[in-house]
Amino acid sequence: MTAGHNMTKLPKSSRTTSVEESIGTRRLRNSQESLSELTETGSSTDSLKGDQTALAPHGRVLGDSATIKDDQDSNVRPPSTLMTGSQVFQDRGESFFKYERRPPRQESDPTDQWVRSTKVRLSPVRPTGPLPALEESFATATLRAANRIDRDCLDYSLPAGKRPVERFHRNLSDSRLLENMGSDSASVNSLRSTYSVLSPIRPQDVRNRSFLEGSVLGSGALLGAEELDRYFPNRRVGVYVITWNMQGEKGLPGDIDDLLLPTDSEFAQDFYIIGVQEGCPDRREWETRLQETLGPYYVMLYATSHGVLYLNVFVRRDLIWFCSEVEHATVTTRIISQIKTKGAVGVAFTFFGTSFLFITSHFTSGDAKVYERVLDYNKIIEALALPKCLPDTNPYRSVPSDVTTRFDQVFWFGDFNFRLSKDRVEVEAIMNHTAGGNMGPLLEHDQLSKEINNGSIFKGFQEAPIHFRPTYKFDIGCDIYDTTSKQRTPSYTDRILFRSRQTDGIKVVKYTSCPSIKTSDHRPVVGVFQVKLRPGRDNIPLCAGQFDRGLYLEGIRRRITRELKRREAMKNQSSSTICTIS
């Protein structure tokens with residue numbers, strides 16, 4: 001035992017010599033084969049150049065820095081010899097040294113120990129050249145899809161020095177978060193490149209923020225001023241309201257594009273609110289037709305009903321993240337509550353920091369039953385239990401006995417059944433003498449306008465000027481008023497009214513009827529509005545992007561099928577030939 005190494009001497013004999021020669025010959029053959037195949041060894045061959053060994057005539061190993069003399073019969077190479085010639089053994093010298101110090105097992109063959117100690121260890125294969133530079137664009141398929149919805153995601157594809165700093169700050173859920181992390185830029189950049197393109201969040205920030213309610217400050221909230229200005233610089237949202245008494249007809253119009261997407265409108269709106277009275281028996285079919293017409297840009301946020309009263313809310317798909325959970329309530333105005341032909345259904349939700357209430361109703365019918373209709377109104381505003389869990393954005397202006405005072409923006413529409421207090425002949429004479437859409441002389445006899453002016457109904461509500469003909473009562477499929485024996489007087493029974501907590505909170509863009517829909521004795525009435533928004537806080541329960549996915553897919557499938565049929569018809573028409581005989 002010298003210098004901490006096991007130097008076991010073996011007696012000289014012919015048997016030992018023959019074993020050494022056979023082992024040396026086999027090892028030389030293997031090493032020559034490996035060294036001759038340069039294309040397979042790659043960079044590892046270079047590291048073996050200084051490690052090549054030769055065998056003496058009697059199997060003795062010749063190193064690069066030291067030669068073992070003939071009179072030495074050691075079967076183990078000194079560690080200094082192994083570590084001075086090869087870079088591989090220089091890197092692994094410590095581990096090899098420990099391997100040499102380990103005592104061999106008693107039952108093992110000493111010759112096997114010599115073979116294992118002199119076994120060549122290849123270094124890991126390393127690339128011959130520099131690695132290719134990573135692309136700066138994160139244009140994966142998922143992110144490209146996100147960019148089509150939220151263009152701000154494109155900020156990440158720009159180099160770090162060219163990104164708009166102000167816009168990047170607004171992408172954060174809390175604008176103060178990045179400022180607090182700016183002190184440790186190295187760790188921030190490391191985390192951002194390692195995990196995702198999102199900014200990292202420190203544990204202390206998670207501890208200090210209540211994710212049950214979110215940030216209660218308007219500046220750093222998801223629904224706050226920064227996010228609102230980003231999507232709505234003028235802080236107004238477009239609302240499209242429809243009311244229509246369908247008369248319970250099973251057949252739906254073949255095309256409702258004129259109802260939802262009129263050609264005289266420059267842009268589509270952000271919200272589509274459709275209220276139906278005496279709806280068709282197949283409510284799901286009606287909703288599918290709405291989705292098919294509005295197409296993939298819109299999703300149905302909510303749908304509810306009260307008997308044959310239907311109310312549907314559609315929203316632009318990229319705005320659904322700023323909507324709260326939707327709540328609804330119903331009221332029946334019949335003496336027997338199980339009969340749901342008359343009453344109201346209301347839907348409430350918050351968009352950014354503005355609370356909305358939409359009510360569609362059907363009041364008592366009859367020319368002279370004005371008092372009963374006023375009673376219907378009063379019962380609805382007292383019994384409609386909204387909001388339930390949504391916070392009141394302005395509680396000091398709310399009145400417990402009036403549901404319409406608990407919301408910022410209210411739209412009430414439906415078949416109110418208020419008539420014109422004139423007989424049929426006089427009404428037709430007035431209509432024949434009106435020109436240019438001036439319906440003032442006719443509205444002087446409107447029961448609803450009189451009750452509003454008296455303050456007995458719809459307190460605080462407004463209605464846009466009416467420039468269209470009465471929407472009730474037509475013969476089915478034509479523009480002629482009632483020709484039956486009852487000879488009902490044409491009237492403005494279908495109306496859209498609104499109220500706002502803010503001055504000029506609701507701006508009227510359009511208020512008209514849709515004369516092309518003739519499957520009912522009522523004409524649909526359409527109202528387009530620009531509604532003022534205000535920033536919100538994160539203390540409201542969000543809808544989390546939920547919508548009726550099954551309806552969406554079915555509507556898109558029908559839309560595609562319809563387009564394919566149209567193209568096929570055009571193809572057949574263009575390929576047909578017409579023969580003429582002169």
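The values are calculated or read from the model by the stated rules, or taken from the named source; none is laboratory data. Remember, predicted model here, so these are calculated numbers, not experimental data. All Cβ positions, even for glycine, are placed from backbone atoms using ideal geometry, and neighbour counts span all protein chains on display. With ligands, DNA and RNA removed, areas are computed over all heavy atoms of the protein, side chains included. Shrake-Rupley method; radii C 1.70, N 1.55, O 1.52, S 1.80 Å.
If you wrap the tightest convex hull around every Cα atom of segment 221-273 and split its volume per residue, you get 123 Å³.
Out of the total accessible area of segment 214-359 (probe 1.4 Å, heavy atoms of protein only), what percent is carbon and sulfur? Intermediate results must be reported in sequence, preceding the final value.
Values: 2630 of 5170 Å².
Using a 1.4 Å probe with all protein chains present, segment 214-359 comes out at 51 percent carbon and sulfur.
Packing here is the average count of other Cβ atoms within 10 Å per residue, and on that basis the peptides 466-477, 432-443, 395-406, highest first, run 466-477, 395-406, 432-443. Counting only protein heavy atoms and a probe of 1.4 Å, the accessible surface of segment 435-582 is 52% carbon and sulfur. Here the spin labels are modelled as points 7 Å beyond Cα on the Cα-Cβ line, and at Ser516 and Glu382 they lie 4.5 nm apart.
For segment 451-535, the solvent-accessible area works out to 42 Å² per residue, with a probe of 1.4 Å and every protein chain left in place.
Which order do peptides 225-234, 535-544 fall in by mean Cβ count within 10 Å, highest first?
535-544, 225-234
Using Cβ point charges alone (K and R +1, D and E -1), the dipole size of segment 431-533 about the Cα centre works out to roughly 360 debye. Across the options Pro253, Leu228, Thr293, the greatest Cα extent toward the positive end of the charge dipole of segment 228-302 (unit charges at beta carbon of Lys, Arg, Asp, Glu) belongs to Leu228. FRET efficiency for the pair Arg559 and Asp229, taken as 1/(1 + (r/R0)^6) with r the Cβ-Cβ distance and R0 = 30 Å, rounds to 0.35.
Charged side chains reduced to their Cβ positions (Lys and Arg at +1, Asp and Glu at -1) give segment 532-578 a dipole of some 180 debye around its Cα centre. A 1.4 Å probe run over the protein chains yields, for segment 340-418, 32 Å² of accessible area per residue, whole-number rounding. By the Stokes-Einstein formula, at 0.890 mPa s and 25 °C, segment 422-466 with its Kirkwood radius over alpha-carbon pairs has D equal to 208 µm²/s. Peptides 256-263, 288-295, ordered by how many other C-beta atoms sit within 10 Å of their residues on average, highest first, read 288-295, 256-263. The calculated FRET efficiency for Asp255 paired with Glu444, based on their beta-carbon distance and R0 = 45 Å, is about 0.80.
Relative contact order of segment 334-474: 22 percent, from C-alpha pairs under 8 Å at least 6 residues apart in sequence. Contact order for segment 439-581, expressed relative to its length and based on alpha carbon pairs under 8 Å spaced 6+ residues apart, stands at 18 percent.
Charge dipole (Cα centre; +1 on Lys/Arg Cβ, -1 on Asp/Glu Cβ; no other charges) of segment 499-565 amounts to roughly 140 debye. Set the Förster distance to 41 Å, then compute FRET efficiency between Asp482 and Asn539 from the Cβ-Cβ distance, nearest 0.05. Once rounded, the FRET efficiency stands at 0.20.
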